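Laboratory data are not the source of any read-out in this text; all were calculated from the coordinates shown. Owing to the predicted nature of the structure, the values given are computational and were not obtained by experimental measurement. Cβ coordinates were reconstructed from backbone atoms using ideal geometry, including for glycine residues, and neighbour counts include every protein chain displayed.
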Amino acid sequence: MENITSTEKKKRIFSAIQPSGQMTLGNYLGAIRSWVELQDKFECVYATANLHAITVRQDPKKLKENTTNLFALLIAAGIDPAKCIFFHQSQVHAHAELSWVLSTYTQFGELSRMTQFKDKSAKHSDNINAGLFTYPALMAADILLYQADMVPVGADQKQHLELTRNVAERFNGIYGNTFVVPEPYITKTAAKVMSLLDPSKKMSKSDPNTKSFILMVDEPATIMKKFRSAVTDSEASVRYAEGKDGINNLMEIYSACTGLTFEQIEDEFRGKGYGDFKNAVGEAVVAQLEPIQIRYKELLKDKKYLEELARQGAESASKLAERTIDKVYRKVGLVR
Ligand code: ATP
Ligand code: LTN
């Protein structure tokens, strides 16, 4: 048994989200909410991954706006700059520096196997740039710079994390212990949220049909309307079962918002129709998102304050990052 004492150093967590659009309920229940919980247990370093975002073409004004909005939204959702280090990736130049070094320890063959690269190059066939290909080396740099022990990521990012571990082990093998080899961190409370229109697909902000997703900033009336038009089945019985993907998804969302188990939900809606259930799910989601939306609007009124928070976060992040980059440059034989 591990002997855990209160003086033991907290494990470090790193994670980032791309400011590539509006955050959905899936991003919230699957990622953001867990980040908030982790702050109390671990030493957390979080960033907006704006350098990653430019691997697909971005409108400069929009990118900047999305980045600030994401920063504000995460703070509104409970990311507390007093409890964690929170900044924009582009503010800490060590990310780009380490990414370059690590890209020379990452093989063409490894990068070619990344399913995200295959998916994204199919989706953006007019712009299959080198950055899209070397994206995982930048992600490895993000994580390894902070010597993170654990990385909370969704299933879609597991392959990138595995590559990060391989690169870290390879580098350590050549130069001696340099990087902590990070583990994936799976949170029990994270939910996988499916599309409201096609519950076999995950809810995704890049879905062309806006009725398929709930945005964190959707008005309460819009949220209610989208849930009312969610795809279900013809059985008219609220129970979790195979072949009932639509209802299963709504139950998953309701459970994530209320803390109720599937059994308790089945009891609550026994003998009731899907209309009642959909309204209840909508209300539960509004109850989660509305307070965040109010704080978000308030925060956005003071851009200077947000900038100052990010600057302070970047300063703390740089201190940690510099230690790693110094060590790496020294080991590789680069003049500083
Ligand atoms: P895109 O639509 O561009 O693929 P996305 O909405 O899937 O984007 P990402 O920016 O790739 O979201 O992911 C940010 C984080 O949110 C990741 O940790 C990811 O695992 C999580 N996430 C995204 N969608 C969902 C979902 N539907 N359910 C649970 N978690 C999700
Ligand atoms: N690739 C991730 C975002 C991301 C990230 C990271 C996640 C960039 N750097 C480091 C964890 C750790 C995504 O698209 N969800």
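Listing for the model above:
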read-out: Cα-derived Rg to Rh of the chain, Kirkwood definition; value: 0.99
read-out: Sequence-distant aspartates and glutamates (8 or more away, or on other chains) whose Cα lies within less than 16 Å of Lys331; value: Glu97, Glu169, Glu322
read-out: Charged-residue dipole, Cβ positions (Lys, Arg, Asp, Glu), the chain about Cα centre, Debye nearest 20; value: 860
read-out: Across Lys120/Lys201; Lys83/Lys327; Lys64/Lys123; Lys226/Lys278; Lys10/Lys41, pairs whose alpha-carbon gap is larger than 19 Å; value: Lys83/Lys327; Lys64/Lys123
read-out: Helix 245-258 axis, angle to the chain major axis (alpha carbon atoms, nearest 10°); value: 70
read-out: Degrees between helix 94-103 axis and first principal axis of the chain (Cα, 0 to 90, nearest 10); value: 80
read-out: Label-zone membership for the stretch 65-108, site Arg336, 7 angstrom Cα→C-beta point, backbone N under 14 Å; value: 94, 98
read-out: Sparsely packed trypsin sites (Lys or Arg not before Pro) within the stretch 203-277, loop by DSSP, other Cβ within 10 Å at most 11; value: Arg270
read-out: Ala82-Ala221 pseudo-label distance in nm [points 7 Å out on the Cα-to-Cβ vector]; value: 3.7
read-out: Residues whose placed amide H lies under 5 Å from that of Thr24, excluding near-sequence neighbours; value: Met216
read-out: Sites Lys211 and Lys11, calculated FRET efficiency, Cβ-Cβ separation with R0 56 Å, nearest 0.05; value: 0.85
read-out: Spherically averaged projected area of the stretch 68-133 from its Cα convex hull (nm²); value: 6.6
read-out: Straight-distance crosslink candidates among aspartates and glutamates, where the alpha carbon sits under 16 Å from Lys11 and sequence neighbours closer than 8 are dropped; value: Glu2, Glu37, Asp40, Glu43, Asp149, Glu183
read-out: Per-residue HN-Hα couplings for the stretch 321-332 [Karplus 6.51, -1.76, 1.60; θ = phi - 60°; Hz; x = Gly/Pro]; value: 5, 4, 4, 5, 5, 4, 4, 5, 4, 4, 5, 7
read-out: For the stretch 181-303, with +1 on Lys and Arg beta carbons and -1 on Asp and Glu, the positive-most of Ala190, Thr222, Cys257 along the dipole; value: Thr222
read-out: Dipole moment magnitude, nearest 20 debye, the stretch 89-224 about Cα centre, only Lys, Arg, Asp, Glu C-beta charged; value: 340
read-out: Cα gyration tensor category, rounded, prolate or oblate, for the stretch 223-267 with a/c compared to 1.5; value: oblate
read-out: Spin-label pair Phe108/Lys188, simplified geometry with 7 Å Cα→Cβ offset, distance in nm; value: 4.7
read-out: Sites Tyr329 and Glu169 - FRET efficiency at Förster radius 25 Å, r taken between beta-carbons, to 0.05; value: 0.80
read-out: Two-site FRET efficiency, Lys61 against Glu37, from Cβ-Cβ distance with R₀ of 35 Å, rounded to 0.05; value: 0.55
read-out: Cα centre as origin, Lys/Arg/Asp/Glu Cβ charges: the stretch 248-328 dipole, Debye; value: 440
